[in-house]
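The values are calculated or read from the model by the stated rules, or taken from the named source; none is laboratory data. All values derive from a computational prediction rather than experimental measurement. Virtual Cβ from ideal backbone geometry, glycine too; neighbours counted across all protein chains shown. These area figures cover heavy atoms from the full protein model, side chains too; ligands, DNA and RNA do not enter into them. Shrake-Rupley method; radii C 1.70, N 1.55, O 1.52, S 1.80 Å.
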Amino acid sequence: RFETCWPALMKDSHGVIIIFNPELPSHLKEIEVWYSCFVQQQPLLDSQCLLVAHHKPGSAEDTENLSLAYPLNKLKLIHSNLEEDPEDVRMEFMKYFRSIITIINESREREEMSIIS
């Protein structure tokens, strides 16, 4: 329904976080589309994408049996449940953001060096 807005969301993006409910089979298919549009067509590196399987409070959090199709299975995946482990989720987000900042800085340095050379 909002696909016409996607180009504006993607413009000049440096990373993508895809949050989904692993208990909904439809979400597992939808994240394939989001990955294709927001990561592969940019193009962004897989390291610039973070998958978050968000578990609702009181749900059965089955982190072991979540099988994602290729190429999603090679992306960084974290499981979140904000009632049980909010600090772990926060730490994973911080690691992700640090990696994005590193990628941006390295890209900027390469661009500056190419201008100087």
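Can you show me the helix-derived [θ] at 222 nm for the chain, built from DSSP H runs with n ≥ 4 at -39,500 (n - 2.57) apiece and divided by the number of residues, rounded to the nearest 500.
On the way: 3 runs with 47 residues, N = 117.
Result for the chain, helices only: -13500 deg cm²/dmol.
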(request) Using the charge dipole of the chain (Lys, Arg: +1 at Cβ; Asp, Glu: -1 at Cβ; taken about the Cα centre), state which of A53, F97, L66 has its Cα farthest towards the positive end. (result) F97
(message) Using the Kirkwood radius over C-alpha pairs as Rh, can you work out the diffusion coefficient of the chain via Stokes-Einstein at 10 °C, viscosity 1.306 mPa s, in µm² per second?
(response) 100
(message) Give me, ordered by chain and number, the residues 5 or more places off I17 or on other chains with an amide H under 5 Å from its own placed amide H.
(response) L50
(message) How tilted is helix 25-35 with respect to the longest principal axis of the chain? Cα atoms for both, answer in degrees (0 to 90, nearest 10).
(response) 0
(message) Output needed: percent of Cα pairs per 10 Å distance bin for segment 66-117, bins running from 0 to the one holding the longest distance.
(response) 21, 27, 30, 16, 6, 0
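Accessible area of segment 3-116 with a 1.4 Å probe: how many percent of it is carbon plus sulfur? Walk me through the numbers on the way to the answer.
Values: 4290 of 7610 Å².
That fraction is 56 percent.
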(request) Round to the nearest 10 and give me the degree value, 0 to 90, for the angle of helix 86-116's Cα axis relative to the longest principal axis of the chain. (result) 20
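Just to confirm, what accessible area per residue do you get for the chain at 1.4 Å probe, in whole Å²?
Details: 8090 Å² over 117 residues.
On a per-residue basis, 69 Å².
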